[in-house]
Structure formats: C-alpha cells, structure tokens
Amino acid sequence: MFGAADISAFGALAVLVMLIIWIVVLVWVAARIQGFMTRQAGWPALDWRNVLASIVVLIAAIQLGNFILDWIDRWLFAGSYPVGLGFPGAFLIGSVAIGVGIAAVRTRREK
C-alpha cells in the first residue's frame, strides 16, 4: 500500500505544483462563471447566489467530466469496473471552494 511516508521529495514537489496549477485553473474558470453571472443576472461577485452557482456549476462539470472519461475508458478498453456518479470527494469540494472564493475576492477588487 502506498502511503504519505513513501513519497519522495521530488514527488511531493510535483504534487504541490500540480495542486497549485489545479487551483489556478479553478480560479480562472470560476472568475469566468462569476463574470457571466454578474452580466446576466446582475448579482455582485460576493453575492451568495453567485458564489453558490459557481460552486455548483464547477462541481457538476468536474463530476460529469470524470464520469464521461470513466465511461470512455470502460468502453474503449473493455474495463469491468462499475461507472457511476457519486457524491464528490472532500478534495474536490475543498479545491472548488478555494478557487471560487479567490475568484470572488479578485473579481470584487477589480471593480
């Protein structure tokens, strides 16, 4: 079994860089969603409806994307594992919340 003690320094650095890139991408996408919501609905960046809509859209898009990739993988490579949509993990919810929060603060500062 692989554990946290088995990771090398290079592996830990690579994971940290990937996490930072993931958060930056989420901030960019969340800012785009919040800008769209602000233009279409008139909700300010830090309005609870804007923030909640951004979180729901991002989590749904990531979950649906993972489902489609699993389905394609199972279809192409004849996998035998079950494919289904489950409740998102804590890492996904946490990273999306961080990305949406940073985007909301950045959007508010720009205006």
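Where a number appears in this text, it was derived from the coordinates with a stated rule and is not lab data. The structure displayed is predicted, hence computed values, not measured ones. Neighbour counts are summed over all protein chains in view; Cβ atoms, including those assigned to glycine, are modelled from backbone coordinates with ideal geometry.
Taking Cα atoms only, the orientation of helix 48-77 departs from the longest principal axis of the chain by about 30 degrees. Rounded to whole numbers, the Karplus 3J(HN,Hα) couplings from phi for the stretch 21-27 are 4, 4, 5, 4, 5, 5, 5 Hz, using 6.51 cos²θ - 1.76 cosθ + 1.60 with θ = phi - 60°, and x at Gly and Pro.
Please compute, over every Cα-Cα pair in the chain, the percentage with a separation greater than 17 angstrom. Don't skip to the answer; put the middle values down first.
Numbers: 3847 of 6105 pairs.
So the pairs more than 17 Å apart make up 63 percent of the total in the chain.
The phi torsions of the stretch 91-102, fed into the Karplus equation with coefficients 6.51, -1.76 and 1.60 and a -60° offset, translate into couplings of 4, 5, 5, x, 5, 5, 4, 5, x, 5, x, 5 Hz, rounded to whole numbers, with Gly and Pro shown as x. Here, the stretch 55-111 is characterised by an Rg to Rh ratio of 1.18, where Rg is the alpha-carbon radius of gyration and Rh the Kirkwood radius.
Toward the positive end of the charge dipole of the chain, with +1 on the Cβ of Lys and Arg and -1 on the Cβ of Asp and Glu, the farthest Cα among Gly84, Gly11, Leu46 is that of Leu46.
Can you give the convex hull volume of the alpha carbon atoms of the stretch 20-83 per residue, in Å³? Working shown, then result.
Working: hull volume 6.9 nm³, N = 64.
Residue-normalised Cα hull volume stands at 108 Å³.
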